[in-house]
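Structure, as structure tokens:
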Amino acid sequence: MSAPTSSTSKPLPKKGWLTRLRQRNVLPGFGLSMGITVFSLSLLVVLPFAMMAYTTTQMGWTGFWETISQPQVTAAIKLSLWMSFLAMLTNMVFGTLVAWVLVRYEFWGKSLINALVDLPFALPTAVTGISLATLYAPNGLMGQWFAKFDIQVAFTPIGIWLALVVVSFPFIVRAVQPVLAELSVEFEEAAAVLGANRFTTFRKVILPELLPALLMGAGMMFARATGEYGSVIFIAGNIPMQSEILPLIIISKLEQFDIQGASAVALFMLLISFVILLTINIVQWKLSRRVGAR
């Protein structure tokens, strides 16, 4: 016979979310680590952006719009976004190709090429800009050959595109490379056995797996390219309405002691980068869920 149950017994109280969170953490010190993390992000990221937004609000919405809609600023915005977009498309193709070669093939000098991929990160951007300007100037080693065909690379929007391709190249390679390393060759072999050609295999098997990482690298690259200054300033030519980039507008306003105008342009750049990253992260999240559901 089973023991009688007490009618006065009460159900155990439900545990709070903080208690459940602490029970899931095996390592101690979550509270202290979380506090340091929030403090660091607030001090290094949130506070500077908040001050920039506060400085911009002092000029009002009308002043902000008048600053952004100036023809010189509008031309710089269009040029920066267009060149960044073209550089992103270029690196998505060639960056994926380089990552494919580094992962799928073994050859002499592979470690050296793998190290050279990160060279744009290691070099100061000013060094990159001066090197490109010297190389592709009309009397430079490469520029003189383009001059024979009446093509000028340096001091034109083409030079801006080239500088953005160079400085943002590692983003795509390093984003795609780990995914390719984990992608089994057996899937490609199975597709080949079923009669798929190389293009179909890439489009149906490889590309869906690479797309989330490719979008992540493209988003980071695009955000970096829109605000690139050091490498572009030496090769752009900086001609208003033709080859003047958006960061140069900010520097020009600061030199004229127009702090609010510089903050307005900088805030607009921040909003552009935020919208781009948010959109790409949402698309990447949906693609990751779709791939994971297969």
Can you list residues from other chains, or at least 5 along the same chain, whose modelled amide H is less than 5 Å from the amide H of E244?
I239
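How many Å² of accessible area per residue for the range 183-224, probe 1.4 Å?
Working: 2370 Å² over 42 residues.
Per-residue value: 56 Å².
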Pick from K253, K78, K110 the residue whose mean-square fluctuation is largest in a GNM of the chain, springs joining Cα atoms under 10 Å.
K110
Whole Å is fine, so just give me how far the alpha carbon centre of the range 44-70 lies from that of the range 229-259.
19
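Where Rh is the Kirkwood radius over the Cα pairs of the range 99-141, the temperature 10 °C and the viscosity 1.306 mPa s, what D in µm²/s does Stokes-Einstein return?
Numbers: Rh = 12.4 Å.
Diffusion coefficient, whole number: 128 µm²/s.
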How big is the dipole moment of the chain about its Cα centre under a simple scheme where the beta carbon of each Lys and Arg is +1, that of each Asp and Glu is -1, and everything else is neutral? Debye, nearest 20, please.
1460
Tell me which aspartates and glutamates have Cα within less than 16 Å of K204's Cα, excluding those fewer than 8 residues away on the same chain?
E186, E188, E189
Rounding to the nearest 10 and keeping the result within 0 to 90°, find how far the Cα-based axis of helix 207-226 lies from the longest principal axis of the chain.
50
Under 17 Å Cα-Cα from K78, which aspartates and glutamates qualify once same-chain neighbours fewer than 8 residues away are excluded?
E66, E228, E244
Working from the pairwise distances between different alpha carbons, so that the mean of 1/r is found and then inverted, what is the range 125-194's Kirkwood radius in Å?
14.9
On a 0 to 90° scale, report how tilted helix 71-104 is relative to the longest principal axis of the chain, with both axes built from alpha carbons and the result rounded to the nearest 10.
70
Using only Cα atoms and rounding to the nearest 10 degrees, what angle (0 to 90) does helix 47-57 make with the longest principal axis of the chain?
60
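May I ask you to derive the relative contact order of the chain, considering only C-alpha pairs under 8 Å and at least 6 residues apart, and to give it as an integer percent? Numbers along the way, then the final one.
Values: 294 pairs, mean separation 74.0, N = 294.
The normalised contact order for the chain reaches 25 percent.
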What is the diffusion coefficient of the chain in µm²/s, taking the Kirkwood radius over Cα pairs and the Stokes-Einstein relation at 4 °C with a viscosity of 1.567 mPa s?
56
For the range 41-96, how big is the tail of P(r) above 13 Å, as a whole percent of Cα pairs?
73
Which one of T226, L132, Y105 is farthest out on the positive end of the charge dipole of the range 81-244, using unit charges on Cβ (Lys, Arg +1; Asp, Glu -1) and the Cα centre as origin?
L132
Per 5 Å bin, what percent of the C-alpha pairs of the range 205-264 does each bin hold, from zero upward?
4, 16, 17, 16, 15, 9, 8, 7, 5, 2, 1, 0
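In debye, nearest 20: dipole of the range 81-244 around its Cα centre with unit charges on the Cβ of K, R (+) and D, E (-)? Present the calculation step by step, with values, prior to reporting the outcome.
Details: 8 positive and 10 negative charges, 34 e Å.
Approximately 160 debye in magnitude.
If I take R0 = 30 Å and measure r between the Cβ atoms of S40 and W65 in this structure, what FRET efficiency does the formula 1/(1 + (r/R0)^6) give, to the nearest 0.05?
Here the calculated transfer efficiency is 0.30.
Provide the per residue accessible area, probe 1.4 Å, for the range 243-285, rounded to a whole number of square angstrom. Spell out each step's value before the answer.
On the way: 2200 Å² over 43 residues.
With all protein chains present, the range 243-285 gives 51 Å² per residue.
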Starting from the Cα of D258, step 7 Å toward the Cβ, then list every residue of the range 62-84 with an amide N under 14 Å from that point.
63-77
Give the calculated FRET efficiency between A196 and L89 to the nearest 0.05, with a Förster radius of 25 Å applied to their Cβ-Cβ distance.
0.45
Largest-first principal axis extents, alpha carbons of the range 81-244, Å:
55, 34, 32
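For the range 158-294, with all protein chains present and a 1.4 Å probe, just round the carbon and sulfur fraction of the accessible area to a whole percent. Display every interim value, and only then the final one.
On the way: 4700 of 6980 Å².
Ligands and nucleic acids excluded, carbon and sulfur give 67 percent.
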Which one of N197, N114, N238 has the biggest mean-square fluctuation once the chain is modelled by GNM with Cα springs under 10 Å?
N197
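The values are calculated or read from the model by the stated rules, or taken from the named source; none is laboratory data. Predicted, not measured: the structure shown is a model, and the values here were computed from it. Cβ atoms come from the backbone with ideal geometry, glycine included; neighbour counts cover every protein chain shown. The area values use the complete protein model at the heavy-atom level, side chains included, leaving out ligands, DNA and RNA. Shrake-Rupley method; radii C 1.70, N 1.55, O 1.52, S 1.80 Å.
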